[in-house]
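Read the figures in this text as sums done on the coordinates, not as results from a lab. The model shown is predicted, which means the values in this text are computed figures rather than measured ones. Methodologically, a virtual Cβ is constructed for each residue, glycine included, from the backbone with ideal geometry; neighbour enumeration extends over all protein chains shown.
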Amino acid sequence: MKTLHTIADLRALLPEAGTCAFVPTMGNLHEGHLSLVRQARNHGLPVVASIFVNRLQFAPHEDFDRYPRTLARDCELLDSAGCDILFAPDERELYPQPQSYKVTPDPALAGILEGHFRPGFFTGVCTVVMKLFGCVRPSVAVFGKKDYQQLMVIRRMV
Ligand code: PAF
């Protein structure tokens, strides 16, 4: 597995859009994430996973700084699950300037259930996923059904 930290390196390795399957994550991986990587492999394309702890989806009282960052272990797990490329950008790479432009999902879908209790959460998720899609340019992306509302919000965004 190759680990890349910049969009430029990703573009050099995957110059054409639509040539990979993508599994976005925030790291601290567990068996659920690995099963997504295995599902992504079924598409017969190189599998790209990303690890990026997205500040925008944390409310001020949710501790962004204390979110577990376990990159070395995550790399081993991804490699063993058959991931080909890990994209692990730092914050400056993905948010070179404060991210004042955001992707705001339809409140009819994103303002209920979890979105009701975590205002702004799905805006943070959509903003980073849209960016990651722009970086990775996958033809397919795999999301867990455990976060079912997130899956629906992203599906509609796509
Ligand atoms: O489900 C997650 O881990 C995150 O919300 C995601 C989709 C990687 C965006 O940061």
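Pulled fully out, how much extra length does the chain show between residue 146 and residue 66, if you take 0.36 nm times their separation in residues and subtract their Cα-Cα distance?
Stretched out fully, the residue 146 to residue 66 stretch lengthens by 26.6 nm.
Which percent of Cα-Cα pairs in the stretch 86-158 sits in each 10 Å bin, short to long?
18, 49, 31, 2
Looking at the chain as a GNM with Cα springs under 10 Å, which of 60, 107, 15 has the largest mean-square fluctuation?
60
Once every DSSP H run of n ≥ 4 in the chain is given -39500 (n - 2.57) and the sum is divided by its residues, what mean residue ellipticity at 222 nm do you get, rounded to the nearest 500 deg cm²/dmol?
-11500 deg cm²/dmol
Between residue 80 and residue 155, what is the label-point separation in nm under the 7 Å Cα-to-beta-carbon projection?
So the label points at residue 155 and residue 80 sit 3.2 nm apart.
Largest first and in whole Å, what are the equivalent-ellipsoid semi-axes of the stretch 19-133 based on the Cα gyration tensor, each being the root of 5 times an eigenvalue?
Square roots of five times the eigenvalues give 25, 16, 14 Å.
Stokes-Einstein diffusion coefficient for the stretch 1-71 at 37 °C in a medium of 0.692 mPa s, Rh from the Kirkwood formula over Cα pairs: what value in µm²/s?
237
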